[in-house]
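So the structure is just underneath, and the comments pick up after that.
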Amino acid sequence: MRVTIIVANFTSVNRNGIFIMNRKGKLYFRYGTMGSAKTALLLTTAYNFEERGMQYVCLKPIVDTRDNENIIRSRIGIQRECRWIYHDTDLYLLAQELFEQTMSVIDWFLIDEAQFLTAEQVDQLSRIVDDYGSNVVCYGLRTDFKSNLFEGSRRLFEIADTIDEIKSTCSCGRKTIINARIDQNGDFVEEGAQVEIGGDDRYISVCRKCWRNKRIEQASRNALPFI
Ligand SMILES: [Zn+2]
């Protein structure tokens with residue numbers, strides 16, 4: 001029978017002998033638009049943890065199942081191995097397995113592309129924080145190309161302990177808000193699935209005003225009579 005009693009605010013040892021310190025972890029959500037260097041920040045954080053000998057794990061939801069490389073890669077050229085999160089992965093169970101393998105609690109979980117987590121998986125992350133005192137840092141997008149929240153992001157906004165915005169600048173100088181999907185002509189796409197397998201080059205992050213102006217310009221252009 002598997003019985004594990006965890007009291008996060010007191011020192012205790014669970015059934016498997018895992019030593020649980022007086023830990024108080026946090027669930028973080030660090031969000032930004034595409035191109036705001038979220039992944040670079042995650043990888044820099046991982047590098048710092050490694051230098052200090054801190055235990056951490058990198059994780060990433062798998063969107064394209066044809067992808068064989070379990071690597072988190074930033075456009076500035078740094079990369080690191082990660083574990084895949086599948087749509088049905090129970091992250092709480094995954095953490096328990098990791099703790100049992102290492103016989104200790106992992107200090108930090110770093111999660112890339114957290115917008116693709118399910119709401120249930122975000123709840124599982126919060127339980128890792130509350131039961132074990134690990135820190136979980138989720139990096140991700142706030143909204144999709146239609147400016148609607150992703151499922152994982154919505155749940156993170158609802159229950160994260162700490163929420164930080166990673167800012168980047170539109171070509172006009174304002175803060176980027178929207179991840180616009182573009183077609184081969186550079187026009188904004190208004191319809192389609194929330195997640196499409198494809199390159200990041202199909203997106204451009206812009207401020208809300210530029211997003212609006214461009215859509216108005218496109219609509220008026222399309223309304224012109226064909227001559
Ligand atoms: Zn702008």
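Every number in this text was worked out from the coordinates using simple rules, so none of it is lab data. Please read these numbers as outputs of a predicted model, since none were measured by experiment. For neighbour counting, all protein chains shown are included, and Cβ atoms are generated from backbone atoms with ideal geometry for every residue, glycine included.
Points to keep in mind about this one:
- Per-residue ellipticity at 222 nm, computed for the chain from helices alone with -39500 (n - 2.57) per DSSP H run of at least four residues, works out to -9000 deg cm²/dmol.
- Sites residue 55 and residue 151 - FRET efficiency at Förster radius 41 Å, r taken between beta-carbons, to 0.05: 0.90
- Alpha-carbon Rg with Dmax, taken over the range 32-80, Å: 11.9, 35
- Label zone at residue 161, where the point sits 7 Å out along the Cα-to-Cβ direction: the range 86-106 residues whose backbone N lies under 20 Å: 91-96, 99, 104-106
- Ignoring the sites themselves, the chain has its longest run without GluC sites (Glu not before Pro) in a DSSP loop having at most 14 other Cβ atoms within 10 Å at 70-189.
- Relative contact order (percent, whole number), the chain, Cα cutoff 8 Å, 6+ residue spacing: 24 percent
- Rounded if a/c under 1.5, otherwise prolate or oblate - the range 80-227, Cα gyration tensor axes: prolate
- Cys residues of the chain counted as unpaired, since no other Cys beta-carbon is under 4.7 Å: 138, 172, 210
- Unit charges at the beta carbon, dipole of the chain: most positive-side option, 111, 42, 85: 42
- Here the chain carries DSSP beta bridges of which approximately 35% are antiparallel, counting only pairs with both residues inside.
- The range 108-122 residues near the modelled residue 64 label - backbone nitrogen below 18 Å, point 7 Å along Cα→Cβ: 112-117
- Counting neighbouring Cβ atoms within 10 Å and putting the fewest first, the residues 141, 42, 156 line up as 141, 42, 156.
- Whole-angstrom Cα spans of the range 150-197 along principal axes, big to small: 41, 30, 15
- If the segment from residue 194 to residue 172 were pulled out straight at 0.36 nm per residue, it would be longer than the present Cα-Cα gap by 5.3 nm.
- In this entry, the range 12-166 is assigned a mean projected area of 9.3 nm², taken as a quarter of its C-alpha convex hull surface.
- In this Cβ point-charge picture (+1 for Lys and Arg, -1 for Asp and Glu), the chain has a dipole of about 880 debye about its Cα centre.
- Each residue of the range 133-138 was assigned a 3J(HN,Hα) from its phi angle through the Karplus curve 6.51 cos²θ - 1.76 cosθ + 1.60 (θ = phi - 60°); the sequence is x, 6, 9, 10, 10, 9 Hz, with glycine and proline shown as x.
- Lysine pair count for the chain (Cα-Cα distance under 18 Å; residues 8 or more apart in sequence or on different chains): 10.
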